[in-house]
Amino acid sequence: MEFNVALLPGDYVGPEVIAEAVKVVDAVGVRYGHRFHWHEDAIGGASIDKYGVPLRDETLELCRKCDAILFGAAGGPKWDKPDQKNPADSALLKLRKAFDLFANLRVVKVFPALVNASTLKPEVIKDVDLIILRELTSGMYFGEPRGIEDTPSGKRGFNTMAYYESEIERILRAGFELARQRTKKLLSVDKSNVLEVSFLWRQTAIRLGREYPDVQLGHMYVDAAAMALVRDPRSMDVVVMENTFGDILSDEAAMLSGSLGMIPSASLTGLPTGRAFGLYEPIHGSDPIRAGKDVDNPIATILSGALMLRYSFGLEKEATAVEDAVSRVLERNRTWDIMEKGKNEVGTRQMGTMVANEVKK
């Protein structure tokens, strides 16, 4: 089979980790007889430097012609402006909106070799394997009105959290479909005792649950879910929530694995049933301090490539092969962020090469 992938390395460490993901996915092609065609373009700060804008219309058109997008990281101090948001960072938000990438999956899996890498006790995190499913294109990050205004009482900042029932329904359906593929357990997170938006969220979840009698649906307030993530993460499997809650809790959940450098993500335009268009990226940033030093962990990006194989190309066997290869390599080799005494410390390129070689076996 042949696939076309829009390759957007981005800034600082982005190109470094993207190169290793490409190396591993190409190794999958060698082993299983697939061809992956990579179509590279600039985004974020790299695009500003080259074209004057963080995301060109031509880049969007390139992405539309491909089967998926593999993205590195965008932004950094070079493009910071006083009293303004980093313009390079806006590229990713524009991509999400342009393709309606509403379903963000962040996979938190504690590999057996890393049970001692987390700050939590091994007996708490052993065998953790969960997905934070975050609604990505609505909620408070996109709601209107928003702004800062002068009032007689001083300056007032305000944002609006708002969801249409249809927006809630489609992310919940994605959650139910994911749960069906795994342990048939779905936990819906809200704050329905305080927020009207969350009350509508819970009502919608209960209604949809009747269409999925094979899935065990649970509900939890977001503050309780935050505690449960560090107290008993093994009790969770697929956890679905709105945009702001998902942004916060997915970073908390990432630390179960020991490092942000271990967490892949997928942002999909449709249900996770094997052929959805999606954008795949590590959840860490561009790391300007370590960029160019060949030290950052590429595993999150490599595992994002595995998610691309699974959710956009329908290649489950191949995705599992990548994940198994990562697990085997981690038994003896580590990057600085997950380093343990007695292990072999390796750099970005060496880690990617090791995983690619394992995939080919």
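The values are calculated or read from the model by the stated rules, or taken from the named source; none is laboratory data. Keep in mind that this is a model prediction, so the values were computed, not measured. So basically every Cβ, Gly included, is an ideal-geometry build from the backbone, and we count neighbours across all protein chains shown. Just so you know, the surface numbers come from the protein's heavy atoms only, side chains and all, with ligands and any DNA or RNA stripped out. Shrake-Rupley method; radii C 1.70, N 1.55, O 1.52, S 1.80 Å.
With the condition kept exactly as written, say whether any residue in the range 267-288 is charged (D, E, K, R) and either in a strand (DSSP E or B) or more than 30 Å from residue 13 (Cβ to Cβ) (or both).
In the first step, residues of the range 267-288 are kept if they are charged (D, E, K, R); the result is 275, 281, 287.
From what's left, either in a strand (DSSP E or B) or more than 30 Å from residue 13 (Cβ to Cβ) (or both): 275, 281.
Within the range 267-288, one or more residues are charged (D, E, K, R) and either in a strand (DSSP E or B) or more than 30 Å from residue 13 (Cβ to Cβ) (or both).
Quick check on the range 44-58: of everything there that is in a loop (DSSP other than H, G, I, E, B) and among the hydrophobic types (A, V, I, L, M, F, W, C), which residue is surrounded by the fewest Cβ atoms within 10 Å (Cβ to Cβ)?
53
Are any of the residues in the range 341-351 basic (Lys, Arg) and either free of Cβ contacts under 8 Å to residues at least 24 places away in the same chain or assigned to a strand (DSSP E or B) (or both)?
The first filter runs over the range 341-351 and keeps only residues basic (Lys, Arg), leaving 341, 343, 349.
Now restrict to residues that are either free of Cβ contacts under 8 Å to residues at least 24 places away in the same chain or assigned to a strand (DSSP E or B) (or both): 341, 343.
Looking through the range 341-351, at least one residue is basic (Lys, Arg) and either free of Cβ contacts under 8 Å to residues at least 24 places away in the same chain or assigned to a strand (DSSP E or B) (or both).
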Problem - Residue ID - nearest to residue 238 (Cα to Cα), chosen from residues in the range 136-167 that are over 19 Å from the mean Cα position of the chain (by Cα), open to solvent by less than 40 Å² (accessible area, probe 1.4 Å) and in contact (Cβ under 8 Å) with a residue 12 or more places away in the chain - result: 167
Practice task
Confirm whether residue 99 is at pLDDT 95 or above, surrounded by 15 or more Cβ atoms within 10 Å (Cβ to Cβ) and not aliphatic (A, V, I, L, M).
Solution key: yes
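Any residue that is under 22 Å from residue 101 (Cα atoms) and either open to solvent by 50 Å² or more (accessible area, probe 1.4 Å) or in contact (Cβ under 8 Å) with a residue 24 or more places away in the chain (or both) - is there at least one of those in the range 190-197? Give the derivation first.
Our first condition is that a residue be under 22 Å from residue 101 (Cα atoms); within the range 190-197, this holds for 190, 197.
Cutting the leftovers down to either open to solvent by 50 Å² or more (accessible area, probe 1.4 Å) or in contact (Cβ under 8 Å) with a residue 24 or more places away in the chain (or both) gives us 190, 197.
Scanning the range 190-197, I find at least one residue that is under 22 Å from residue 101 (Cα atoms) and either open to solvent by 50 Å² or more (accessible area, probe 1.4 Å) or in contact (Cβ under 8 Å) with a residue 24 or more places away in the chain (or both), so the answer is yes.
Rundown of residues vs (1) free of Cβ contacts under 8 Å to residues at least 40 places away in the same chain; (2) open to solvent by less than 30 Å² (accessible area, probe 1.4 Å); (3) closer than 30 Å to residue 296 by Cβ, yes/no style:
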residue	(1), (2), (3)
204	yes, yes, no
221	yes, no, no
234	no, no, yes
263	no, yes, yes
Exercise for the section: Determine whether residue 164 is over 30 Å from residue 120 (Cα atoms) and of a type in the set (Ser, Thr, Tyr). Expected result: yes
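Tally up the residues in the range 320-338 that are more than 23 Å from the chain's Cα centre (by Cα) and surrounded by 16 or more Cβ atoms within 10 Å (Cβ to Cβ), please. Reasoning before the result, please.
If we filter the range 320-338 for residues that are more than 23 Å from the chain's Cα centre (by Cα), which is where we start, we get 331-333.
Then keep just the ones that are surrounded by 16 or more Cβ atoms within 10 Å (Cβ to Cβ); that gives 333.
Summing the residues that are more than 23 Å from the chain's Cα centre (by Cα) and surrounded by 16 or more Cβ atoms within 10 Å (Cβ to Cβ) in the range 320-338 gives 1.
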